[in-house]
Amino acid sequence: MNRGSVRRVAWFAAVALVSGSCAGDSVPQDEAEGPGAAAPAEAEAPVLSRVRITGGLLVGENIQEFQPCAGGPAYWLDGPLTPDVLELHAELAPGVEPFETIFLDVVADLGPPPAVGPGTTYEGSVLVQRLRRAAFEGWGCDDMAADLVVEASGTEPFWQLRITEADAVFTTPESSVALDMGELRSDFEGFLAQGSDPEVGNVFLTLTEVVCRNAMSGALTHLTARLERGGRVYEGCAFLGPSGDPDAL
C-alpha cells in the first residue's frame with residue numbers, strides 16, 4: 001500500500017470515529033485496537049521483469065556492476081546465483097587490474113536496487129536466475145543474432161555447428177558445409193536435432209543440460225554438445241540462441 005492509500009484509510013477511520021461520537025456511540029480504545037482493527041500496511045512487493053540479457057560484469061571492491069549490451073543504466077548484480085557468478089568472474093578474469101569485466105549471457109529478473117549496501121546508488125538490480133554463457137574473451141555484445149537457434153563448438157580439432165531459423169552450417173578449419181537440419185526437440189536430458197550432410201549422410205546433434213567449459217579459454221556454456229557426423233563424433237559445448245531457448249522467460 002502506498003502513502004496515498006494509507007492517508008485515505010486514516011482519513012476514513014477518522015470520519016467514522018467522529019460520526020459515531022455524534023450519534024452518541026463511543027468507541028472504547030481497547031476495542032479499536034483489538035482483533036478487528038486494521039492490520040498495519042505492508043510494503044509492496046518489488047516489481048520484477050524476467051528477460052534474457054547480455055552484457056558486461058564489472059567487479060572490484062564494493063563493485064558488482066552489470067552493464068547491458070543494449071545500453072542504458074547499469075544494474076547492481078544480485079540474486080540467488082550471485083556467489084556462483086562472482087566465482088566465475090574470479091576464474092575467468094586475468095586479475096591484473098583492480099576492476100575487470102567479463103561477458104555474461106543470463107536469464108534474469110530486473111528489479112529495484114537493494115535497500116542497503118553499495119548497490120543502493122544504482123537504478124535497479126539484475127537478479128540472475130540462469131546462466132547461459134560467461135567468458136573473458138571470445139564473445140561480445142554483437143555476437144548473437146535474434147534468429148539463432150543453437151551454436152555448438154569444440155576444440156582440438158576446432159569445429160562449430162551454427163543453426164539459425166534460416167540455415168545450418170558445420171565448420172572446421174578445412175571446410176564449411178551447409179546441412180539440412182530438422183527441428184530442435186527437447187527431451188528429458190536436454191535437446192536433440194537430426195539432419196543430413198551432403199558429404200557424409202546423417203547427422204545427429206545431442207545437447208545435454210550439463211554445464212560445459214571450453215578446454216582452451218575456460219568459457220562457460222549451459223549445455224554439453226555431442227555431434228555424430230559420418231561415423232565421427234565431435235564433442236564440445238553449446239548454448240541456445242533466442243529462437244531456441246524455451247526457458248528464456
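Run the numbers for residue 196 and residue 165: contour at 0.36 nm per residue of separation, minus the present Cα-Cα distance, in nm.
Numbers: separation 31, 0.36 × 31 = 11.16 nm, distance 1.62 nm.
Stretched out fully, the residue 196 to residue 165 stretch lengthens by 9.5 nm.
Give the peptides 149-158, 228-237 in descending order of average Cβ contacts within 10 Å, highest first.
In descending order of packing, they fall as 149-158, 228-237.
From a point 7 Å beyond the Cα of residue 51 in the direction of its Cβ, which residues of the range 115-130 have a backbone N at a distance under 16 Å?
123-130
If each of residue 188 and residue 233 carries a label point 7 Å out from its Cα toward its Cβ, how far apart are those two points in nm?
Distance between the two pseudo-spin positions: 2.0 nm.
When only alpha-carbon atoms count, how far does the range 156-249 stretch along each of its three principal axes, as whole angstroms with the largest first?
37, 30, 22 Å, listed from the longest principal axis down.
Determine the order of 139, 76 by accessible area, beginning with the largest, at a probe radius of 1.4 Å.
139, 76
Tell me the carbon and sulfur percent of the accessible area for the range 147-249, rounded to whole percent, probe radius 1.4 Å. Walk me through the intermediate numbers first.
On the way: 2580 of 5360 Å².
With neighbouring chains kept in place, the figure for the range 147-249 is 48 percent.
By how many nm would the segment from residue 141 to residue 110 grow when fully extended, if each residue of separation counts as 0.36 nm and the alpha-carbon distance is taken off?
Details: separation 31, 0.36 × 31 = 11.16 nm, distance 1.88 nm.
Residue separation times 0.36 nm, minus the Cα-Cα distance, leaves 9.3 nm.
Which three semi-axes in whole Å describe the equivalent ellipsoid of the range 70-203, each the square root of 5 times a Cα gyration tensor eigenvalue, listed largest first?
Equivalent-ellipsoid dimensions as semi-axes: 36, 18, 13 Å.
The values are calculated or read from the model by the stated rules, or taken from the named source; none is laboratory data. Small disclaimer: the values here were computed from a predicted structure and weren't measured. Every residue, glycine as well, gets a Cβ built from its backbone with ideal geometry; the counts of neighbours run over all protein chains shown. Accessible surface areas use protein heavy atoms only, side chains included; no ligands, DNA or RNA. Shrake-Rupley method; radii C 1.70, N 1.55, O 1.52, S 1.80 Å.
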